[in-house]
Amino acid sequence: MKTHPSITPFLPDNVLSRIADPAVQAMGEKLLKGERLEPNDGLACFNTQDLIGLGQIASAVKQSRYGDKAFFISNHHLNYTNVCENKCGFCAFHRDPHSEDAYTFSPSEAAELIARSPVADLREIHLVGGCHPDLGLDYYTDLLKALTGEKSALKLKAFTAVEIDHMASKAGISSLDCLKRLKEAGLSAMPGGGAEVFSKRVRDALFPNKINADRWLEIHGEAHSLGIGTNATLLFGHMETLEERVKHLFRLREQQDLTKGFRAFIALPFHPENTPLAHLPGPTGVDILKTIATARLILDNFAHIKAYWVMLGLKLTQTALHFGADDLEGTIAKERIAHQAGAATAPGLTRKRLVEMIEEAGLVPEQRDTFHQPI
Amino acid sequence: MLKEIIETASRGRRLDPDQALHLYEKADLLSLGRLAQTARFRHNPHPVATYAVDRNINYTDICVSGCAFCAFYKEKEAPEAYVMDRETLNAKCDETLSLGGTQILYQGGLNPDLDLFWHEQQVAFMKNKGLHVHGYSPPEIVFMARKEGLSIHDVIQRLKEAGLGSIPGGGAEILVDRVRQKISPNKASTSQWLEVMRNAHLLGLKTTATMMFGHVETLEERIRHLLTIRELQDETGGFTAFIPWPYQPGKNTLSGRAAGGTTYLRTLAISRIFLDNVPHVQASWVTQGHHIGQIALHFGADDMGSTMIEENVVASAGIKNRMNRNEIIRLIETAGFKAVWRDTLYKPVENGVKAAQ
């Protein structure tokens with residue numbers, strides 16, 4: 001494991017000694033000694049009443065790596081199709097192929113949308129869609145080629161492991177071969193979606209048609225072996241238990257110990273609107289901050305923890321940057337998936353607004369590229 | 001210097017305005033939160049957070065004040081201008097009672113056609129229905145006094161005799177006349193606002209105090225506002241709670257952008273730390289939404305305010321956050337506190353039902 005800078009300067013005695021919950025304080029001491037957290041520590045994070053104390057420890061870890069910086073990217077989210085045969089119980093985005101509002105962009109239509117992107121200085125396209133029953137592998141490679149075109153600065157972060165598995169099995173090739181073909185066509189990185197919660201119980205209840213945890217992790221491991229960096233997510237606040245959340249984080253940590261290719265973790269608070277789980281309230285603000293802070297502490301081998309502003313809202317995103325998050329995704333331009341599920345945020349933000357928001361939170365904005373390198 | 005100030009505040013010693021300003025400017029968000037949390041448990045040692053069930057009634061939207069930050073007021077001739085009639089008031093009171101509400105937050109515009117006698121009758125009517133009337137922010141009382149040619153003291157006394165139970169702390173905005181000249185030049189001055197509160201406290205009426213921040217004021221002026229509240233509280237002890245909220249731009253003339261989540265939490269925290277003599281600090285979920293409204297309970301707030309069966313003023317600026325009683329209870333409890341229903345004077349409401357004061 002890569003060693004990280006010491007957190008000692010960021011967790012001084014006068015802070016640590018005032019942490020009210022002894023379990024959280026003990027965790028701080030463990031981290032000061034450079035020890036890794038264990039599953040019971042993860043549960044202690046979720047069960048603590050001392051939100052501030054938990055935040056102080058998570059923030060110390062973040063500050064030890066990045067100081068007061070907060071990262072963002074000039075990017076554009078493009079969903080090439082909303083047709084999906086998985087029909088997950090938490091999703092408000094998917095459509096049947098023959099539904100009136102089903103759509104699939106041709107590679108040239110997608111390229112046209114990006115050419116007209118409102119985002120100046122575009123660095124990345126975040127490209128995800130659904131498990132479309134009729135699209136062949138050529139469609140995906142053509143799509144990637146059409147989107148990179150002449151613009152060498154533009155990187156493609158495309159296709160969740162779920163889509164990779166789907167397109168590989170349709171094409172009758174292995175996921176590793178599929179990833180190789182996509183990489184040749186311009187794939188630079190993979191987003192972290194489709195992980196949901198690594199729990200068979202939850203999967204059977206909410207997304208039985210989706211690939212399981214082992215397969216999701218296998219595909220990410222394969223991508224890592226090809227030098228394709230990936231992200232990871234956790235969709236939380238629906239029917240999963242706190243133990244299941246902690247287990248999820250530990251499985252990610254174990255995978256990262258092996259293949260080392262994860263760049264960022266994104267905690268996705270469940271938005272219930274327009275989904276079959278619309279009766280649920282969705283996670284609270286305190287729960288969201290605890291989840292982000294806990295991820296920062298457990299995922300000691302992940303470089304970045306994102307506060308995804310689309311799902312958090314701007315006020316909570318600012319706050320999350322003080323609870324262990326160091327990145328707030330980007331300009332996005334046209335978010336569809338969370339908005340179908342009732343996200344009340346704007347579909348995109350200007351770079352100016354992102355910078356203002358970070359500065360108001362007392363932090364230093366730093367624009368990055370897909371590989372988390374400063375620009 | 002910051003370290004010493006943090007030590008001073010941790011021990012519960014009073015901060016002077018310079019120390020408070022330094023702390024506000026230099027301390028990180030979570031250090032402020034920790035100090036505010038410490039102060040909060042000093043005032044209220046139990047992990048309890050309270051809430052109220054009440055209704056806002058705005059008796060008129062006609063107002064001659066014309067404040068730059070307001071999206072609620074109408075001129076008398078405007079098509080939507082209204083003065084609430086007795087039947088409507090009665091229906092709103094009945095609905096409040098049927099929902100278990102015990103109090104009315106009763107406020108309105110500075111309407112020159114309404115006299116003190118009319119107000120006395122409305123207050124008596126609500127009181128006779130068994131409701132606690134938490135009504136008339138200082139600018140309304142100052143306006144009545146001027147219109148009737150009475151002293152502020154006498155207006156409050158008459159309203160109290162009619163049944164007024166307590167006074168809300170609205171219209172304070174920032175209690176610095178430079179700021180008031182800019183955003184609300186026609187409304188009660190700092191000294192008039194304080195005179196209303198001093199007289200109310202002397203007459204035995206409890207009041208709250210508010211701060212609307214994040215418009216034209218400086219950080220130093222925010223601290224000066226807090227100092228003004230703290231000084232009067234030293235004198236009278238009549239403030240029950242302090243409620244800060246950020247100015248909400250919308251359909252008004254002041255424009256600008258609303259303060260963000262971290263600015264809100266920092267301001268809430270410094271308020272709790274500095275106001276060492278005010279028993280309660282309220283979270284503003286109406287302006288902040290559910291997420292930050294709940295998180296505020298860890299940044300010094302010990303009260304979630306009211307379920308607000310009806311809220312019109314913030315809503316008119318385009319901000320529409322809604323919450324029912326179960327939702328408030330859920331947020332308090334999942335934040336790690338015991339939820340307790342309280343009345344206007346911060347006394348627990350026994351078994352969910354309580355006769356009005």
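The values are calculated or read from the model by the stated rules, or taken from the named source; none is laboratory data. Please read these numbers as outputs of a predicted model, since none were measured by experiment. Ideal geometry is used to build each Cβ from the backbone, glycine not excepted, and the neighbour counts take in all protein chains shown.
Rundown of residues vs (1) touching a Phe, Trp or Tyr at 6+ places or on another chain (Cβ under 6 Å); (2) assigned to a strand (DSSP E or B); (3) more than 10 Å from every other protein chain (Cβ to nearest Cβ), yes/no style:
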residue: B:I6; (1), (2), (3): no, no, no
residue: B:G12; (1), (2), (3): no, no, yes
residue: B:D18; (1), (2), (3): no, no, yes
residue: B:Y24; (1), (2), (3): no, no, yes
residue: B:R34; (1), (2), (3): no, no, no
residue: B:R40; (1), (2), (3): no, no, yes
residue: B:P45; (1), (2), (3): no, no, yes
residue: B:Y51; (1), (2), (3): no, yes, yes
residue: B:I57; (1), (2), (3): yes, yes, yes
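Report every pair of residues separated by at least 6 positions or lying on different chains whose Cβ atoms are under 6 Å apart, first residue within segment A:148-175 and not assigned by TED's automatic domain parsing to the domain that holds A:C84 and assigned to a strand (DSSP E or B), second at pLDDT below 95 and not aliphatic (A, V, I, L, M).
none
Among the residues that make up segment B:181-191, is at least one of them surrounded by fewer than 20 Cβ atoms within 10 Å (Cβ to Cβ), modelled with pLDDT of 95 or more and more than 24 Å from B:A241 (Cβ to Cβ)?
For segment B:181-191, residues surrounded by fewer than 20 Cβ atoms within 10 Å (Cβ to Cβ), modelled with pLDDT of 95 or more and more than 24 Å from B:A241 (Cβ to Cβ): absent.
Please enumerate the residues belonging to segment A:228-262 that are part of a helix (DSSP H, G or I), touching a residue at least 40 places away in the same chain (Cβ under 8 Å) and among the β-branched types (V, I, T).
Correct list: A:V246 only.
Taking segment B:313-353, which residues are at pLDDT below 65, surrounded by fewer than 16 Cβ atoms within 10 Å (Cβ to Cβ) and under 26 Å from B:L89 (Cα atoms)?
B:K320, B:R322, B:G352, B:V353
If a residue must be on the phi > 0 side of the Ramachandran plot and more than 9 Å from chain A (Cβ to nearest Cβ), how many such residues does segment B:258-297 contain? Break it down stepwise before answering.
Narrowing segment B:258-297 to residues on the phi > 0 side of the Ramachandran plot: B:289.
Filter once more, so that each one left must be more than 9 Å from chain A (Cβ to nearest Cβ): none.
Adding up the residues that qualify gives 0.
Tally up the residues in segment A:345-367 that are among the aliphatic types (A, V, I, L, M), over 19 Å from the mean Cα position of the chain (by Cα) and within 30 Å of A:N274 (Cβ to Cβ), please.
Total satisfying the criteria: 1.
Given the conditions (1) among the aliphatic types (A, V, I, L, M); (2) surrounded by fewer than 16 Cβ atoms within 10 Å (Cβ to Cβ); (3) touching a Lys or Arg at 6+ places or on another chain (Cβ under 8 Å), and given that A:A205 satisfies all but one, which numbered condition is not satisfied?
Checking A:A205 against (1) among the aliphatic types (A, V, I, L, M); (2) surrounded by fewer than 16 Cβ atoms within 10 Å (Cβ to Cβ); (3) touching a Lys or Arg at 6+ places or on another chain (Cβ under 8 Å), the one that fails is (3).
Hey, among A:A325, A:A346, which residue is without any contact (Cβ under 8 Å) to a residue 12 or more places away in the chain and in a loop (DSSP other than H, G, I, E, B)? Show your work before the answer.
Values: A:A325 fails: without any contact (Cβ under 8 Å) to a residue 12 or more places away in the chain.
It is A:A346.
Please go through (1) within 14 Å of another protein chain (Cβ to nearest Cβ); (2) under 19 Å from A:V286 (Cα atoms); (3) in contact (Cβ under 8 Å) with a residue 24 or more places away in the chain; (4) surrounded by 15 or more Cβ atoms within 10 Å (Cβ to Cβ) for A:L43 and return the number of the only condition it doesn't satisfy.
Against the list (1) within 14 Å of another protein chain (Cβ to nearest Cβ); (2) under 19 Å from A:V286 (Cα atoms); (3) in contact (Cβ under 8 Å) with a residue 24 or more places away in the chain; (4) surrounded by 15 or more Cβ atoms within 10 Å (Cβ to Cβ), A:L43 comes up short only on (1).
May I ask you to say which residue of B:A91, B:A71 is more than 24 Å from the chain's Cα centre (by Cα) and either under 15 Å from B:G171 (Cβ atoms) or among the aliphatic types (A, V, I, L, M) (or both)? Give the steps one after another, and end with the answer.
On the way: B:A71 fails: more than 24 Å from the chain's Cα centre (by Cα).
Going through B:A91, B:A71 in turn, the sole match is B:A91.
If we keep just the residues of segment A:274-286 that are surrounded by fewer than 24 Cβ atoms within 10 Å (Cβ to Cβ) and either without any contact (Cβ under 8 Å) to a residue 60 or more places away in the chain or under 22 Å from A:L78 (Cβ atoms) (or both), which is farthest from the other protein chains (Cβ to nearest Cβ)?
The initial filter retains those residues of segment A:274-286 that are surrounded by fewer than 24 Cβ atoms within 10 Å (Cβ to Cβ), namely A:274-284, A:286.
After this cut, where a residue has to be either without any contact (Cβ under 8 Å) to a residue 60 or more places away in the chain or under 22 Å from A:L78 (Cβ atoms) (or both) as well, the list is A:274, A:278-284.
Values: A:N274: 18, A:A278: 15, A:H279: 13, A:L280: 12, A:P281: 7, A:G282: 9, A:P283: 9, A:T284: 5 Å.
Step by step, filter segment A:274-286, then rank; the result is A:N274.
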